[in-house]
Amino acid sequence: MDAPVCWSPDRLASVCPDRPAPKAPCLWVSGDLAGLSRRTVGIVGTRAATAYGAALAHRFAAEIAAAGCCIISGLALGIDAAAHEGALAAAGLTIGVLGCGHRVFFPRRNLPLAVRMITAGGAVVSPFPPDQPAHRGQFLQRNGVIADLCDALLVIEAPERSGALNTAGWAAGRIPVFAVPGDVDRAHVAGCHALIRDGAILARNPQDVLSEIGITQTSSSGAPRRHVAAPSTAMDQAVLRVLSQGETGVDTLAQRLGVPAPQLLSTLALLEIRGAIEPRGGLRYALR
C-alpha cells in the first residue's frame, strides 16, 4: 500500500464540492478519491456476519457499484469486507475507512483486500495519522467519517449493540438510512429492525437504494440494465451448467463445483449483473 497523504478539508472539497467535508482536520489517503465524485453508498453491518448476510452485502454492493456508485465501508471483517468484495466483483470503485493509522492496519486479515481496492482505483482513508494504533473509541470516530462520505447508508445484519448502528446515528437526519430486515427472532438483525421501527427505509433489494438516490435505469429484478454477455470464464460456464438443471442454492452450488464461497459469490454477482441469472430468495439462483 502506498504511503498515505494528508488531505485537508479544502482539498477534499475540490473532489466532492457538493458534500460536506469530514469533520476530521485531516484525512489520510492512500489511493484515489475519484470515487467521491460519484454517488456514494455506505454499506455496514456486523463483523460476525452469517453466510446469508455476507452474500446479501456482496450482492447489494455489486449491483449498486455496477450502477455507477462508489461503495464506502469500514474494511472490517464480516459485512464490511463482503461489501468491498462485491464492489470489486462488479469492477466498481470502493473506499475503506480505517479506525487506525495505515501503517498499523487493522484487521491485518483485510490488508490484501485493501491493496486490491486501491489497485482497482479506490482508496483506503483514515482520520488518524499513519502510526496511530487501533483503540476502541477511534472506531466510533471512523463511523462518523463513513457517514460523512456517503449519499446514503445501508445497514445489513446489525445486532442491538453494533457499530453499524452508531454509523446510522451519524447519518440520521442528513442522508437516507436503509436497513435490510430479517427474521423477527434473529438477534443478528435486531438492530436493523430497530432502525426500521425508528424511521429507516426498508431495503428489499438494491433498486430500493438506487431509486432513493436518483438512479432508476434497472431491470425489474433490481439489477442494472446491461447487455447479457456470453460466459467469459470456465467458472461462469460451470455455474450456468448447474443452473440449467433448475433453481439451486449457493451451498449446493459450492459443493458441486468445489469452489470457496467468496469466489462463487463473485461469479454469481457478475452473472446477475450481466443479466444471465437472477436471485430467487434464500440464497438461491436460477437462469433468467
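Each of the peptides 134-141, 59-66 was scored by the mean count of other Cβ atoms within 10 Å over its residues; in descending order, highest first, they stand as 59-66, 134-141.
Taking the longest Cα principal axis of the chain as reference, the axis of helix 79-89 is set at about 70 degrees. Distances between placed amide hydrogens fall under 5 Å for Trp7 paired with Leu27, Trp28, Val29, all partners being 5 or more residues away or on another chain.
Rounded to the nearest Hz, the phi-derived 3J(HN,Hα) couplings of region 100-108 under the Karplus curve 6.51 cos²θ - 1.76 cosθ + 1.60 (θ = phi - 60°) are 7, x, 4, 6, 10, 3, 9, x, 4, where x marks glycine and proline.
If you stretched the chain out fully between Ile201 and Leu257, how much longer would it get, using 0.36 nm times the residue separation minus the C-alpha to C-alpha distance?
Once the chain is fully extended between Ile201 and Leu257, it gains 16.4 nm.
Please work out which option in (i) 58, 51, 47; (ii) 57, 41, 34; (iii) 55, 43, 37 gives Cα extents along the principal axes in Å calculated from these coordinates, and answer with its label. Evaluating Cα extents along the principal axes in Å on these atoms matches (ii). For the chain, carbon and sulfur atoms together expose 53% of the accessible surface, with a 1.4 angstrom probe and every protein chain in place.
Helix 261-274 axis versus longest C-alpha principal axis of the chain: approximately 80°, rounded to the nearest ten.
If packing is taken as the mean number of other Cβ atoms within 10 Å per residue, what is the order of 208-215, 74-81, 28-35, 142-149, highest first?
On the way: 208-215: 17.4, 74-81: 25.8, 28-35: 20.6, 142-149: 24.1.
Final packing ranking: 74-81, 142-149, 28-35, 208-215.
The values are calculated or read from the model by the stated rules, or taken from the named source; none is laboratory data. These figures come from a predicted structure and were not determined experimentally. FYI the Cβ positions are ideal-geometry reconstructions off the backbone, even for glycines, and counts take in every protein chain you see. Note: areas computed on protein heavy atoms with side chains; ligands, DNA, RNA excluded. Shrake-Rupley method; radii C 1.70, N 1.55, O 1.52, S 1.80 Å.
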